[in-house]
Every structure is written in structure tokens, then in C-alpha cells.
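To start, the structure under review is shown below, and the notes come after it.
Just so you know, all these numbers are worked out from the coordinates, no wet-lab data involved. Computed from a predicted structure; not experimentally measured. Neighbour counts are summed over all protein chains in view; Cβ atoms, including those assigned to glycine, are modelled from backbone coordinates with ideal geometry.
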Amino acid sequence: MKFCVTTPIYYINGEPHIGHAYASIAADILARFRRLDGSEVHFSTGTDEHGIKVARSAETASMDVHKFSDLMSQGFRDLGKLINLSQDDFIRTTEERHILSSQKLWRLMADDIYKGSYSGWYSARDEEYVSEEDVVDGKAPSGAPVEWMEEESYFFRLSAYQDKLLELYEKNPDFIAPVSRRNEVISFVKGGLKDLSISRSKFDWGIPIPNAPGHVMYVWIDALANYITSLGFPENTHRVSEMMANCVHVVGKEILRFHAVYWPAFLMSAGLTLPKRIFAHGWWTSEGQKMSKSIGNVVDPQKTIEKYGLDSVRYFLFREIRFGEDGDFSEKALQQRISYDLANDLGNLVQRVLAFIQKIGGLRVNYDFTDAEMPLFEDSRNLVEKLRILVDKQDLHGALIEIWKLVSASNKFVNDMRPWELAREDDNRLNLVLTALCESLRAIAFGIAPFMPDTARKIFDFMNVEGKSFKEIEANFSDQVFPSPFLLFPRE
Ligand code: MSP
């Protein structure tokens, strides 16, 4: 099986914050899950470096735009390290491979491109054209200021794709997720599509248009093309189409239209394979308010991770809200999740089971389960299949809830079976109970591995489990002594 997953490529006009980390970790979880499940995965992320917004930021910083891009792009690469991103490719839109790929895409779309002149409003902050009726008090719907633009421009015949797009959404009900977002896109397209201005001639920080001196591509053409560049376009067309057909683009809800309307239209025009799904996630506020530099409530991923630990933050982001919905980031909510779900439920379970096994000199397996152990054993062996169904729908929140059902069931099982008493009274039952618990701990570790890779690694190491493939769950444990466990989520 092939699987491709992408993050948005980030504008480099500012520092990375928790919103960027969120989109990237989501894609990372999907990539890690599919790798453990045996798929060949391509996971790409990167930086979106052209356009008026970046050009102006470089100017404000009194820096050469190339140097500025190198510096700022590095910040996003560093974020990737900080959050333990397992990307296969980090793409920068200023790279040669991408310039060639975007120009090739342009040529393939040539039949739908014509020259004209554009006059209208533009929001540099959103890098988006804004129609007359959407401008209120000199502002775009996003609140960004707009400016008047008049220039010679190339246009893409988007209007010709209205019916084809509606047919695409109709035939592929899961092309846009979640479903509420899908409905928004459909009504937008039904409202009528105007041709799209796809070049700029008043500035030059962009990819040159083939055979059109003085024109550079509208930044969104070049931005969207990153996904195929990363897959090896234009050389490796077979791989591009194979991977695109299995590709999930994770995007924030504010850029869904570019991905669900423009991008498929461009690909259809170029005769290239469409992605499998566009998943639009929601936005985080911070302590109840929109994150903004002026309020000073922007959540800095580095500080938060230094204070609370990476895996705790990764867990929180996907447990606190359903993936697809908006949520509020508050330290109090994060502290509670760490204390209850992680330290009390998970950490404690691992500790009480593994420290106990160590105390009695190791695991002696017995798989002749009775009705008492069978339900826990079956739940453990069935966990991955349940997660597979949820993760295929990008229901990451549902997946964590499912894993924690097994955590709770295991804790309850320990309370009910009282292994410390069995150790004095009934060796046979003791071995059955501990074998069932090792099975559930291993399943839990595999379940959390995509979400909390370091924590899962610790549990794997405590239990001599390799931790490379879900298949390992199918093998029985053998008698053995485990290395000493230590506290996973120590309290201060
Ligand atoms: N460069 C474009 C995307 C091009 S993709 C071909 C862009 N970049 S961006 O830097 O503005 O980042 C966009 C993404 O960052 C959002 O789509 C979203 O995934 C993430 N987030 C940025 N702020 C966010 C929040 N406050 N909350 C959650 N995610 C947000 O748009």
C-alpha cells in the first residue's frame, strides 16, 4: 500500500507557532500510523517563500529576500526537529526542482490560460484576491487590509471547471472532510466560479512564467505545486500519480478553498491525478482569544514543549478537541490532561504492571486464557483494527479515546484481579493475568506510537518489543525478564 500525506507549506513572514506545529503533527501522526501498518509512505512539509507578503517582510527586515528566506525557512525546519516530525521531504519553493516543476505544470495547463488585465482588490496578508462585494470598510473577510491592483495578467479558465468540480465532489463524497466543510465548498462552487488571475507583473519575487518576461506566477499556483514537486514531478510521473491517488492534504480551514477548488481544477487541466482527500482542520485560540502578537498570547511551541514535554503536548492537541473543530489552548487544560490521562491513567498502569513483573522475577507466560482474561486479550489484539478505521477517516481524537478505553480497562483489570494477592495464592492465575496485561500494554504502546513516539519507545524498551510494525502484536510473548521501568510522566 502507498500513502502520501502533506502539511501546508508555511509562509515565512513570521516565526512558527503552535498552529503550524498542530498541522504538522497531525500529518506526522497519519504518516507514522501508516508506516507502522506497513505502507510505503511519502510525508512532505516545507516553506512557501514567494509572493508579495514575504517580499515585503524581507524589506521591513532590511534583508535581501534570498537571505531572509534562508533564515526564516530554517526556523520551520527547526520546528520540525522540535516536534519530532518524521517527514520524508522538506520542500522550499525557491528550490530549483520546484521552479522547474511549477513551470512544467503551467505549460500543461496552457490550454486553459489566456492573457488579459486584472483590476480589483487584493489582500497581501492572505495572498488572495477579494471580490468587490466582500470588501467591507477596506478589509477582506479575514480582517486583512486590501489594496487596489491593476495589471496585465494571465488568467486560468476556472469558470470552465464548475461542473467538473461539482461532479468530483458528488462522485467522491470523502474528497473533502469533514463533511461540514464539504458543504461549504459545494455551495461556494455552486455560487459560480470566475476565472482566476494567476500571474503578477508589478513585482518579481516569484517563479518566472515560461516565455513571458516580466510575469511571475501568483504565489498560490507555485504553492500548490509543491505537493507534486515533492513527489518527483515532472520526472517521475508514475510515482506522482500513484502517490497522489493515495494522498491526504492536511490543511487549515482558511485555505480549504485553494485546495478543494483551485488545486483539483489545475490538476484536471494539466491531466494529472487528483489527491484522495483534503482534510481541513480547525483553528486554535489561546486562553480564549484569537492568537495575536499584539495581545501577546501566541503559543510558542518551544516554550510550551520545554515546560511540559513534547509527547504531552502532542497528546493534548489531539485529545482536547475533535480533529476538524476549533479549540482553545489553555495551560490549565494541558496540565489536567497530563495529570489525569497521562500520569494517572497511562503512566501508572505501565508502572504498576511492569514494576510488579520485575519484582516477582520476570514474566512467565500463560496463554490458556479463561473468561476472566479473554475480553482484555481480545480488546488488545483488536485495537489496531479499530484504530485503522478511525485513522483512515482522520479521526485522531476518536483514536485516542479508543486507546484510552483499553488503558482504563487494563487499570480496572489490575484492580479486579489483584495480582499482588495472586502472587501469594495462585501462580497459574498470576501468569494468566500478567500475560493479558503485557498484551494490553503492548497494544497500547503501538496505539500511542504515532501520537507519542518517545513514550511508546520507552514502553517498547521496557518490554523488549521492537516496536517497528503492528504485525508484532500477532506474536505471543515468551518467558523473560524485562529491563527496569521508570516513571513515564514524573510529577514535579
Ligand atoms: N502558505 C500557505 C499555505 C500553502 S499550502 C500549499 C499558508 N501558510 S501559513 O503559514 O499561513 O500557514 C497555514 C497553516 O498553518 C494553516 O492552514 C494551518 O494549518 C496552520 N495554522 C496557522 N495558524 C493556526 C492556528 N491558530 N490554529 C491552527 N492552525 C493554524 O497559508
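If I go through the range 148-192 residue by residue, how many of them are assigned to a helix (DSSP H, G or I), over 21 Å from Tyr129 (Cα atoms) and among the small types (Gly, Ala, Ser)?
1
All but one of (1) within 14 Å of the ligand (Cβ to nearest atom); (2) farther than 22 Å from Glu95 by Cα; (3) buried (at least 23 other Cβ atoms within 10 Å of the Cβ) hold for Val219; which doesn't?
(2)
If I filter the range 6-56 down to residues being more than 13 Å from the ligand (Cβ to nearest atom) and among the small types (Gly, Ala, Ser), which single residue comes out as surrounded by the fewest Cβ atoms within 10 Å (Cβ to Cβ)?
Gly38
Across the range 174-202, what is the number of residues that are surrounded by 15 or more Cβ atoms within 10 Å (Cβ to Cβ) and either at positive phi or among the hydroxyl-bearing types (Ser, Thr, Tyr) (or both)?
3
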